[in-house]
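Note sheet for the following structure.
The values are calculated or read from the model by the stated rules, or taken from the named source; none is laboratory data. Model, not experiment: these values are computed from the prediction. A quick note on method: Cβ atoms are made from the backbone with ideal geometry, for glycine too, and the neighbour counts reach across all protein chains shown.
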Amino acid sequence: MLLVRHGQTPTTGKLLPGRAPGLHLAEQGVQQAERAGERIAELERVDAIYCSPLERARETATPIGAAIGMRPKIDRGLLECDFGDWTGAELKQLMKLPEWRTVQKAPSTFRFPNGESFTEMQVRIVSALDRLRARHPGGIIVCVSHADPIKAAMAHALGTHIDLFQRIVISTCSISAIAWSTDGPVALTVNSTGGPLSELAPS
């Protein structure tokens, strides 16, 4: 399973857009998505591509789908975290709040005001990935999502507590990969931004 973060937007690193509609990829984000598509198309096979319903994820999935000859399917389990009242806020202002330290150091204890908790987000994304991989047994699946859900999914695969998931970096249009066996998930790569994906395999 290849987890792809959406490409760069005009607000990346500036705002917390969350699930607010209307945020599209910047020109650089479109180029990133095209490059991600080229990398994924080098694989011998891809069985399916799914994406979050938000515009920036769909606009990332479209060139990837074109590169592999597949039409992306929407899956709400891949949505961004629901940041509630923090949606659309400037990051530099949020960093001044006393709650910001909790978000960074003890996220398992935090719920966004009128939004989702990090624990709920992790359960949602892991459940979505389990559902999708069951739909394509033995297959290779592309899932275009957002930074925090992908970080939470990778933390789960690594056996890392959600309180440490902020230590995982997920760059725009990076590709992280998880393989499943009867023994559970195996993290093949995290935050890959270059190089052939065909070389990824459990040793």
(message) Go through segment 51-62 and report how many residues are crowded, with 23+ Cβ neighbours inside 10 Å and not polar (S, T, N, Q).
(response) 5
(message) For the structure I just gave you, tell me whether Arg131 is exposed (fewer than 14 other Cβ atoms within 10 Å of the Cβ), in a helix (DSSP H, G or I) and of a type in the set (Lys, Arg).
(response) yes
(message) With the requirement that a residue be within 15 Å of Thr60 (Cβ to Cβ) and not hydrophobic (A, V, I, L, M, F, W, C), what does segment 32-46 give you?
(response) Gln32, Glu34, Arg35, Gly37, Glu38, Arg39
(request) Any chance you could count how many residues in segment 100-128 are surrounded by fewer than 19 Cβ atoms within 10 Å (Cβ to Cβ), part of a helix (DSSP H, G or I) and among the aliphatic types (A, V, I, L, M)? (result) 3
(request) Being in contact with a strand residue (DSSP E or B) (Cβ under 6 Å, 6 or more places away or on another chain) and in contact (Cβ under 8 Å) with a residue 24 or more places away in the chain is the filter; apply it to segment 158-171 and report the residue that is nearest to His24 (Cα to Cα). (result) Ser171
(message) Just to verify a result, which residue in segment 4-55, among those that are under 15 Å from the mean Cα position of the chain (by Cα) and among the β-branched types (Val, Ile, Thr), is nearest to Gly84 (Cα to Cα)?
(response) Thr12
(message) Could you go through segment 180-198 and let me know if any residue there is in a helix (DSSP H, G or I), exposed (fewer than 13 other Cβ atoms within 10 Å of the Cβ) and touching a residue at least 24 places away in the same chain (Cβ under 8 Å).
(response) yes
(request) Could you grab me the full set of residues in segment 140-151 that are surrounded by 23 or more Cβ atoms within 10 Å (Cβ to Cβ) and either more than 9 Å from the chain's Cα centre (by Cα) or basic (Lys, Arg) (or both)? (result) Val142, Lys151
(message) Based on this model, can you work out whether Leu43 counts as crowded, with 18+ Cβ neighbours inside 10 Å, among the aliphatic types (A, V, I, L, M) and either within 26 Å of Ser198 (Cα to Cα) or touching a Gly at 6+ places or on another chain (Cβ under 7 Å) (or both)?
(response) no
(message) Checking the condition over 17 Å from the mean Cα position of the chain (by Cα) and surrounded by 15 or more Cβ atoms within 10 Å (Cβ to Cβ), which residue from Met1, Met70 passes?
(response) Met70
(request) Kindly provide the set of residues from segment 14-40 that are surrounded by fewer than 21 Cβ atoms within 10 Å (Cβ to Cβ), of a type outside the set (A, V, I, L, M) and part of a helix (DSSP H, G or I), ordered by number. (result) Glu27, Gln28, Gln31, Glu34, Arg35, Glu38
(request) Assess whether Thr11 counts as being part of a loop (DSSP other than H, G, I, E, B), within 25 Å of Gln166 (Cβ to Cβ) and modelled with pLDDT of 95 or more. (result) yes
